[in-house]
Amino acid sequence: MDKVNFYMGRPVVKIDSDRTVLDTVKLMREIEVGAILIRENDEIVGIFTESDLLRKVVAEGKSADSIKVSEVMSKPLVSVDAEDKMFKAFTEMHEHHFRHLGVTEDKKVVGVLSIKDIAKYYVNKVTKQKGGVAKED
């Protein structure tokens, strides 16, 4: 139960790299995710996150309806294996200052792990250690 595959988000949500940032953000809102994988020729080439929107589009004064998501996505996609322990995923996020990681099985992207997934894992872990109820020390 400490493995990434138990906590990662499925199914994989993708959008083509030639779509606009506006199209991408609308899809993210519709499916209620904070990050989406970017696909080019059926291969994952990056990830677009809420942070990318703020830092690379809004703060730069770019127009979301005219810029391609491929121009502002984060690349390459940093990932962990689905069989890795959650602590390794947390460490990767911490070291790279990311809130989302790709998850792979046999070198194929099969999901995304978010900081919310990490938080859920640790809340569950603490709850079990405290006898079923998360309590403040």
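Numerical summary
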{"item": "Residue in the range 93-110 that is nearest to Ile44 (Cα to Cα), counting only those that are among the charged types (D, E, K, R) and not in a strand (DSSP E or B)", "result": "Lys107"}
{"item": "Residues located in the range 111-137, provided they are modelled with pLDDT under 90 and not in a helix (DSSP H, G or I)", "result": "Lys130, Gly131, Gly132, Val133, Ala134, Lys135, Glu136, Asp137"}
{"item": "Residue in the range 95-106 that is among the hydroxyl-bearing types (Ser, Thr, Tyr) and under 17 Å from the mean Cα position of the chain (by Cα) present", "result": "yes"}
{"item": "Residue within the range 84-92 that is assigned to a loop (DSSP other than H, G, I, E, B), surrounded by 13 or more Cβ atoms within 10 Å (Cβ to Cβ) and at pLDDT 95 or above present", "result": "yes"}
{"item": "Count of the range 1-47 residues which are without any contact (Cβ under 8 Å) to a residue 24 or more places away in the chain, part of a strand (DSSP E or B) and out of contact with any helix residue (DSSP H, G or I) (no Cβ under 9 Å at 6 or more places or on another chain)", "result": "1"}
{"item": "Out of Ser51, Ser79, sole residue that is over 19 Å from Met8 (Cα atoms) and not charged (D, E, K, R)", "result": "Ser51"}
{"item": "Every residue from the range 37-59 that is under 17 Å from Thr104 (Cβ atoms), of a type in the set (A, V, I, L, M) and buried (at least 19 other Cβ atoms within 10 Å of the Cβ)", "result": "Leu37, Ile38, Ile44, Ile47"}
{"item": "Any hit, the range 97-110, residues being at pLDDT 95 or above, in contact with a helix residue (DSSP H, G or I) (Cβ under 9 Å, 6 or more places away or on another chain), hydrophobic (A, V, I, L, M, F, W, C) and within 20 Å of Lys14 (Cβ to Cβ)", "result": "yes"}
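The values are calculated or read from the model by the stated rules, or taken from the named source; none is laboratory data. None of these values were measured; they are calculated from a predicted model. When we count neighbours, we look across all protein chains shown, and the Cβ atoms used for this are built from the backbone with ideal geometry, even at glycine.
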